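Visitor: First the structure, which I've put down as structure tokens, then a few questions once you've had a look.
Just so you know, all these numbers are worked out from the coordinates, no wet-lab data involved. This is a predicted model, so every value here is computed, not measured. Positions of Cβ are generated from backbone atoms using ideal geometry, with glycine treated the same way; all protein chains shown enter the neighbour counts.
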Amino acid sequence: MNGLEVSDLTKRYGRVQALRNVSFSVAAGEVFGYLGPNGAGKTTTLRIAVGLVRADQGSVRLLGRAVGEARARESVGYLPGDLRLYLDMTGASLLNYGARFRPGRPPVLRAQLLETFGLSETDLARRVKTLSRGTQQKLGLVLAMQHDPDLLLLDEPTIGLDPLVQHAFRGLLRELAGRGKTVLFSSHVLSEVEAVCGRVAILKAGEVLAVETIQTLRERVVRHMQVRFAAAAPATLAGLPGVTRAQVSGREATLWVQGDLNPLLRELAGWPVEQLIFPEPQLEDIFLGYYGPQESRHA
Amino acid sequence: MRSVLQRLIDRYAPLLAAAALLLGLFQFLICAAVASVDVGGAIELLISTLPPFVQAAVTSQLMGGLTASGLIAFGWSHPIAQALGIAVAVVLAANAVAGEVEAGTIELVLSQPLSRLHYFGTHVLFAGAALAVLSAAGVAGTVVGQRVFSLPPFAPVALLKLGANFLALVGACFGITLLFSAFSRERGRAATFGFLVALTSYLVQVIGSLWIKAAFLVPYTLHHYFSPREILAGYANLARPMAVLMGVIVVGVGLGWWRFRRRDLP
């Protein structure tokens, strides 16, 4: 049984087509990335999955149950993208509030999560409105995960988390997946999805462009590489392995690179390279891989 | 459901305690005023100086309003008592849906294993209990005031009816505001609509009872179906007024639920 099954999901808000025939499934023990720019429809999909928004067409099944059943959410943990907590509650009372919804699933992971996120007793004793945005986000994550859910739906979970906590969080997700839990990780940042997910669905303007393994995605993504040579840039750059396009200006060259980098790096090593800049790939680079330069500009 | 109920109790306990205390105190003070200032006696003395046919006309117009029970009943129609009851009803209803949507917390609650029916039903039940406590506090203020100031006591049935009629009135305000709340994304807007309906009802009822040309509007107000003076005088038939107010509650809550169960959130 899949942890999450999304079939032919379609949603329209007035004239805006939020989702169009979105389908994918996530197996138990899988961390699945849901990648797309802001406004692509990621949040709408997740809100349909937890029953907040009604689909015009299609269905979502959570651990084999239809979304409409409140019991389907018994074993689900959900972190909203736009997390809003009760500001007048203390952190501890908020966590207890969440726990009372599931009398059959005690908050067995709470202590571990508090330690992982570095939340102290002092933090929990304070009212939520006095906590920083990052601490509120950590509290939201504990709330979503404390009952050791079988399915985790996380909408942009790392917003506001510092890099060390992000790293620990990714480790935690891998550990959960190792125990057979299903995780949907929605993000607009390619690198964090690459770091933790095994497969990914790429969403653009409400449509799934592709569902790929991270390996395939890496091969297809077109990335920019900027190279500065000690002398004039060679004219043969466009023909190098993996280079799909090259733009040369004096000693500097911009290369659009796809697939395995090693053959290209070996070739470049034959020239006197002064500087090589290879920035984090952006979503734009993914769309470039699927659509080419013209279409990707509209992403 | 238990979690939502606990949250509502924690959130509204101070407001409810304050409103109940104020309403009880207000009704107690009305008794104190009735006992210490013999307004009725003074006016009756003035009336006795009038010619007999004028006396008859004035007395029939006042319909017992100058008695102790009539003046205590006035305490229940007084704008302060009305404002207290309606404010609590409107705040509870406006926050139930629109308030949670505006704060964004509805997403947190309804993503839990909780059906919309349980969420909505818990808010309605809590409001019913809270408004009942408020009504009981007002009645308790009247009872204690009567005993402390040695005023003639009312029959328990009359007090029960008074509390029930007040509860139905503020319940109707809750139902109407909840309907607005179920359609709205802003608690302020839902509360404003609720208050406007209650205020209009109160003013039209007052104006209609003073100005004959506006009298035809009175049966269309909620306050027409709230009759503390008749109840305390012991000659009120509450069946129709209660049916009308209960009908408003059922329609308001029912349409609110119809909207809430279908709407996309937040």
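Visitor: Report ³J(HN,Hα) in whole Hz for each residue of the stretch A:196-206, in order, from the Karplus equation J = 6.51 cos²θ - 1.76 cosθ + 1.60 where θ = phi - 60°; Gly and Pro get x.
Guide: 3J(HN,Hα) across the stretch A:196-206, in whole Hz: 10, 9, x, 10, 8, 9, 9, 10, 9, 6, x.
Visitor: Over all distinct alpha-carbon pairs, what is the Kirkwood Rh of chain B in angstrom?
Guide: Numbers: mean 1/r = 0.0507 Å⁻¹.
Hydrodynamic radius (Kirkwood, Cα only) of chain B equals 19.7 Å.
Visitor: Starting at 0 and stepping by 10 Å, how many percent of the alpha carbon pairs of the stretch A:222-280 end up in each bin?
Guide: 25, 65, 10
Visitor: As a footprinting exposure proxy, order A:Leu209, A:Leu184 by other Cβ within 10 Å, with the fewest listed first.
Guide: Values: A:Leu209 19, A:Leu184 26.
Fewest-to-most Cβ neighbours within 10 Å comes out as A:Leu209, A:Leu184.
Visitor: What aspartates and glutamates does A:Lys129 reach when the alpha-carbon gap must be under 15 Å and sequence neighbours fewer than 8 apart in one chain are set aside?
Guide: A:Lys129 reaches A:Asp88.
Visitor: Right, next: Please work out the C-alpha center-to-center distance from the stretch B:97-162 to the stretch B:193-266 and express it in whole Å.
Guide: Using only Cα atoms to place each centre, the spacing works out to 17 Å.
Visitor: Further question: Per-residue mean of other chain beta-carbon atoms within 10 angstrom of the beta-carbon, peptide A:74-87? Write down the numbers at each step before the final one.
Guide: On the way: counts 2, 1, 3, 1, 5, 2, 6, 1, 3, 4, 9, 4, 8, 2.
Per residue, the number of nearby Cβ atoms from other chains is 4 on average.
Visitor: Follow-up. Once the Cα gyration tensor of chain A is diagonalised, what are the square roots of 5 times its eigenvalues, in whole Å and ordered largest first, as equivalent ellipsoid semi-axes? Numbers along the way, then the final one.
Guide: Values: eigenvalues 320, 109, 54 Å².
Equivalent ellipsoid semi-axes, largest first: 40, 23, 16 Å.
Visitor: Taking 0.36 nm per residue of sequence separation and subtracting the Cα-Cα distance, how much length would be gained by fully extending the chain between A:Ala269 and A:Arg127, in nm to one decimal?
Guide: Details: separation 142, 0.36 × 142 = 51.12 nm, distance 5.72 nm.
The A:Ala269-A:Arg127 span can extend by a further 45.4 nm.
Visitor: When a footprinting reagent is the concern and you count Cβ atoms within 10 Å, what order do B:Leu232, B:Leu25 take, fewest first? Mind dumping the intermediate values first?
Guide: Numbers: B:Leu232 25, B:Leu25 15.
With the sparsest Cβ surroundings first, the list reads B:Leu25, B:Leu232.
Visitor: Right, next: Which ³J(HN,Hα) values, rounded to whole Hz and listed in residue order, are derived for the stretch A:29-34 from phi using the Karplus coefficients 6.51, -1.76 and 1.60 in 6.51 cos²θ - 1.76 cosθ + 1.60 with θ = phi - 60°, glycine and proline given as x?
Guide: x, 10, 9, 10, x, 10
Visitor: On to the next question. Extending each Cα 7 Å along its Cβ direction at B:Asn237 and B:Leu217, get the distance between those two points in nm, one decimal.
Guide: 2.8 nm
Visitor: Quick check on the exposure proxy: order B:Val101, A:Val16 from fewest to most C-beta atoms within 10 angstrom.
Guide: On the way: B:Val101 21, A:Val16 11.
Least to most surrounded, the residues fall as A:Val16, B:Val101.
Visitor: Another one. Compute the Rg to Rh ratio over the stretch A:60-142 from the alpha carbon atoms, using the Kirkwood formula for Rh, and round to two decimal places. Could the numbers behind the result be given before it?
Guide: On the way: Rg = 13.8 Å, Rh = 13.8 Å.
With Rh from the inverse mean 1/r over Cα pairs, Rg/Rh is 1.00.
Visitor: Just to be sure I understand the model, the point goes 7 Å from the Cα along the line to the Cβ. What's the resulting A:Asn38 to B:Leu117 distance in nm?
Guide: 4.0 nm
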